[in-house]
1. Filter region 133-147 down to the residues that are of a type in the set (A, V, I, L, M) and farther than 21 Å from SER59 by Cα, then identify the one that is surrounded by the fewest Cβ atoms within 10 Å (Cβ to Cβ).
2. Using the structure shown, decide if ALA23 is within 29 Å of the chain's Cα centre (by Cα) and either surrounded by fewer than 15 Cβ atoms within 10 Å (Cβ to Cβ) or of a type in the set (Gly, Ala, Ser) (or both).
3. When residues of region 115-127 are filtered for being part of a helix (DSSP H, G or I) and at pLDDT 85 or above, how many remain?
4. Just checking, how many residues over region 99-114 are in a loop (DSSP other than H, G, I, E, B) and basic (Lys, Arg)?
5. Would you be able to say whether some residue in region 84-105 is more than 22 Å from the chain's Cα centre (by Cα) and either of a type in the set (Asp, Glu) or more than 24 Å from GLU148 (Cα to Cα) (or both)?
6. Kindly provide the set of residues from region 146-164 that are under 19 Å from ARG103 (Cα atoms) and out of contact with any strand residue (DSSP E or B) (no Cβ under 6 Å at 6 or more places or on another chain), ordered by number.
7. Show the residue pairs meeting these rules: Cβ distance below 6 Å; 6+ apart or different chains; first residue within region 40-69 and buried (at least 17 other Cβ atoms within 10 Å of the Cβ) and at pLDDT below 90; second residue in a helix (DSSP H, G or I) and among the charged types (D, E, K, R).
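The values are calculated or read from the model by the stated rules, or taken from the named source; none is laboratory data. Predicted, not measured: the structure shown is a model, and the values here were computed from it. FYI the Cβ positions are ideal-geometry reconstructions off the backbone, even for glycines, and counts take in every protein chain you see.
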Amino acid sequence: MTEPSPAVRLIEAVLFASAHPLADEDLAQRLPEGTDIAAILAEIEALYDGRGIALVKVSGKWAFRTASDLAAALRPEHAVQRKLSRAAVETLAIIAYHQPITRAEVEQVRGVALSKGTLDMLMGAGWIKPKGRRQAPGRPATWVTTEEFLQHFGLDRVEDLPNLDELRAAGLLDHRPGIATMAMRQEEADAVEAAAERERDEEDAREREERRRGQIEDDDAEESPRSSPAG
């Protein structure tokens, strides 16, 4: 087996010792200028391929994680201190899929009022944060997920969240009405937009038909005096 280069060994050690995921630029600072950090990271990924730990990218940064296929064999080292309520889970999912989103919009998706404690709980967990205000009456605050949210769920980007088909395959749309409402919101919006487009097309067709008929009537009116028999 070929010995890894000093640069690979150094980046491997830095990642192993870090308590938090590190960005490309953080790692590049440890190496001579002009070093191809992408090639080094690719080499480390290949080095750990099929091993008990792997180099993964979460929230745009790099970290070592235990292999995903070993999850069932691993025990958590500490008990979960606080279990999220169903309302908190649904609220988190809605924010994740529709961010930035206001509290009123979250309530509209869930169909029930949202207690202040729900948002406080999610903020306390470090999974959501306020981000600016909507340019609307009252200028309500909008909410988004955090980098800690991505790291906790092993995501590189919000776009890596499961899509509608994956949620259905997991059974979430059959047994979790709140999650179903959230996940189907885009599907329903697409259906509404398609119906609106069909209605616009039909309206355009009706207008064209009315103009055509009007033109025919005008032509007939112009032809009538010329076609009348002479007195």
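1. That would be ALA136.
2. Judged against the criteria, ALA23 is a match.
3. Within region 115-127, residues that are part of a helix (DSSP H, G or I) and at pLDDT 85 or above number 8.
4. Number of matching residues: 0.
5. Taking every residue of region 84-105 in turn, none turns out to be more than 22 Å from the chain's Cα centre (by Cα) and either of a type in the set (Asp, Glu) or more than 24 Å from GLU148 (Cα to Cα) (or both).
6. PHE149
7. SER59/GLU147
One line per residue, one yes/no per condition, for (1) polar (S, T, N, Q); (2) assigned by TED's automatic domain parsing to the domain that holds GLU166; (3) surrounded by fewer than 16 Cβ atoms within 10 Å (Cβ to Cβ):
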residue	(1), (2), (3)
ALA93	no, yes, no
TYR97	no, yes, no
ALA104	no, yes, yes
VAL109	no, yes, no
VAL112	no, yes, yes
SER115	yes, yes, yes
LYS131	no, yes, yes
